[in-house]
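Here's the structure, in structure tokens; my notes come after.
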Amino acid sequence: MSHRVTFIPGDGIGPEVSSAARKCLEATGVSFEWEVHDAGEGAIEKFGSPLPEPLLASIRKNKTAIKGPITTPIGKGIRSVNVGLRHALDLYACVRPCRLYPGINSRYDRVDLVIIRENSEDLYAGIEYDDGTPEVKELIGWVKAHGGKTIRPSAAVSLKPISAEGSERIIRFAFEYALKNKRKKVTAIHKANIMKFSDGLFLEVFRKVAAEYAGRVEADDRLVDALCMQLVQKPEIFDVLVLPNLYGDIISDLCAGLVGGLGVAPGANIGAEAAVFEPTHGSAPKYAGQNKVNPVATILSGVLMLRHLGEGKAADRLEAAVSAVLKEGRAVTYDLKRGGSGAPVGTSQMADAIVEKLKS
Ligand code: NAD
């Protein structure tokens, strides 16, 4: 059976890492029909929108997509295409496994945790009021009238909505993920001592849902600041972490650092109707077109996609091939090179080495 998958090359280093992943996915022997669609700047030129309707229709139809990263211009006006895609398809769960593979240079012996990040709410909801606008003035006045707190008149304001439904579905997703993947514990991350209502609600819902899984999956919680320290000191004590959107974003990069960097950190964005697989890293524009960066994060995102498509054996084989190349440490990109193990190889050469391992 052939799997029809929407393929979004992305921009910056996106086309290089996504084509490396495609080569490895095809080398597993699993059959794919790729529907290639541009997003971001390339799509604006063709369709007048960074997230054109034919792209969204393709993912809705195929239910599965793999994408390279897409640049978000910093500054006013343009929102992230990546965040826009998650919102448009209601891909509410971001899954980011962080596993330390043998051969990778790290301060730690064992890291094997999974981040489950809420994707639709929190400070990422994009509800912001710019400084000096009539809306922000009205909001500042409203806050003063309804709680007596003073916001400086020159402030810009971003809102942090967290709902019971939004929390429940991501927390339930985390416990179901733990059961399905034979994980022992789910830890909720929050700052409920300070944000008593938004993070407080997230924690309250967590405790309610955790009670339903008692005896099957352990549950505990941490303040996000305490988590940061403990992750650095003893990451091996964590298993599955479930986090609101912004903490999930930041902790994902921290955890990528524990296991060898952004070059080896895969991800998936999953909703009820569709799933989009992409690396944790961005488009690293300064390395674009140099055949230099590490393709492993995107290839491992492909491993997650294979599992999602029910191709578990092919996923295991591809992951083993990646692991073998990492362990040897020869055909690896600059970010993974250890002293005395020769010159680094390029993006496509590392993918070729993984394909060779798949064949052997
Ligand atoms: P980035 O992840 O693109 O790069 C930061 C640094 O990490 C790079 O300079 C590089 O040193 C390293 N790095 C990243 N990917 C690597 C790889 N595959 N191999 C080796 N090293 C790698 O983060 P940034 O510079 O903050 O963001 C660049 C652009 O990407 C921004 O426009 C940002 O909005 C966008 N972005 C997109 C996504 C996405 O598409 N999902 C995610 C994050 C950032």
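Per-structure values
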{"read-out": "5 angstrom amide H check on residue 32, placed H, neighbours 5+ away", "value": "3"}
{"read-out": "Rg [Å, one decimal], Dmax [Å, integer] - region 122-161, C-alpha atoms", "value": "10.0, 26"}
{"read-out": "Computed helical MRE - 222 nm, the chain, DSSP H runs ≥ 4 contributing -39500 (n - 2.57), nearest 500", "value": "-13500 deg cm²/dmol"}
{"read-out": "Separation in nanometres of the label points that stand 7 Å from Cα toward Cβ, at residue 60 and residue 232", "value": "4.6"}
{"read-out": "Unmatched cysteines, the chain - criterion: no other Cβ of a Cys under 4.7 angstrom", "value": "24, 94, 228"}
{"read-out": "Amide H contacts of residue 114 (H built 1.01 Å from N, under 5 Å, at least 5 apart or other chain)", "value": "98, 240, 241"}
{"read-out": "Relative packing of 2-11, 233-242, which averages over residues the other C-beta atoms within 10 Å, highest first", "value": "2-11, 233-242"}
{"read-out": "Difference of contour (0.36 nm per residue) and Cα-Cα distance, residue 139 to residue 105", "value": "7.3 nm"}
{"read-out": "Set 286/313; 63/292; 208/234; 184/313 screened for pairs whose C-alpha atoms are more than 25 Å apart", "value": "286/313; 63/292; 208/234"}
{"read-out": "Contact order relative to length of region 1-151, as percent, for alpha carbon pairs under 8 angstrom and 6 or more apart", "value": "20"}
{"read-out": "Top of 316, 122, 130 by mean-square fluctuation, Gaussian network on the chain, Cα under 10 Å", "value": "130"}
{"read-out": "Options 275, 52, 237, ranked by Cα towards positive dipole end of the chain, top entry (Cβ charges)", "value": "237"}
{"read-out": "Rg over Rh, two decimals, the chain (C-alpha only, Kirkwood Rh)", "value": "0.98"}
{"read-out": "Segments 150-163, 326-339 sorted - mean Cβ within 10 Å per residue, highest first", "value": "326-339, 150-163"}
{"read-out": "Fully extended contour minus Cα-Cα distance, from residue 343 to residue 196, at 0.36 nm per residue", "value": "47.7 nm"}
{"read-out": "Mean-position separation - Cα centroids, region 222-255 and region 293-337, in angstrom", "value": "24"}
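Laboratory data are not the source of any read-out in this text; all were calculated from the coordinates shown. As the structure is a computational prediction, the values presented were derived from the model and not from experiment. Using ideal geometry, Cβ is built from the backbone for each residue, glycine included, and neighbour counts are taken over all protein chains shown.
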